[in-house]
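Notes to accompany the following structure.
The values are calculated or read from the model by the stated rules, or taken from the named source; none is laboratory data. Since this is a predicted model, take the numbers as computed values, not measurements. Cβ placement follows ideal geometry from the backbone for every residue including glycine, while neighbour counts extend to all protein chains displayed.
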Amino acid sequence: MKLLKYNTDPYKPIIFDRFVDQFFKESFFKTDAPHAFTPEVDIAETDEAFEIQLLLPGIPKDQINIDIEKDQLTVSGERKIQIQNEGKKFKNIESNFGAFSRSFYLPDLVNVDKIVAKQADGILTIHLPKDEKKMIKKTVQVN
């Protein structure tokens, strides 16, 4: 069952109701934690490689860390909020910011020594080539 608000006073604008609701939500339940930032990821595979794309708008490439430990690739960094007080007073901020970390397990066929990462237009692309030696296909005869 869904509860709906009903305005009993036709002279009381609904906008005031929204203002009061927003005031109480933001004043009493607001935490000082920044908006969580988790970059969106697309993963593709071809016969020769895997490709991971992370959407990282507003993050310079020197602020992005890519680490490989054992069979796990981790991309981390931080998107900082940029509010300049040059006469502007922000009324609403919907963009997400904060530290992030995304980890991916690497299949055995990935050649870790040939991984390449590029960033363009806010998209980080990580190219993970497959190792040809590990890709050898073998057919087994059924008896």
### Task
Just name the residue that is farthest from residue 56 (Cα to Cα) out of those in the range 86-132 that are surrounded by 12 or more Cβ atoms within 10 Å (Cβ to Cβ) and of a type in the set (Phe, Trp, Tyr).
104
### Task
Enumerate the pairs (first residue in the range 64-85 and over 18 Å from residue 109 (Cα atoms) and surrounded by fewer than 11 Cβ atoms within 10 Å (Cβ to Cβ); second residue anywhere and modelled with pLDDT under 95 and small (Gly, Ala, Ser)) with beta-carbon separation below 8 Å, excluding pairs fewer than 6 apart on the same chain, so at least 6 apart or on different chains.
82/58
### Query
From 93, 123, which residue is at negative phi, of a type outside the set (Ser, Thr, Tyr) and at pLDDT below 85?
93
### Task
Write out, first by first residue and then by second, each pair whose Cβ atoms fall under 9 Å of each other, whose residues are 6+ apart or on separate chains, and whose first residue, in the range 91-106, is under 17 Å from residue 124 (Cα atoms) and without any contact (Cβ under 8 Å) to a residue 40 or more places away in the chain while the second is among the small types (Gly, Ala, Ser) and assigned to a strand (DSSP E or B).
101/76; 101/77; 103/76
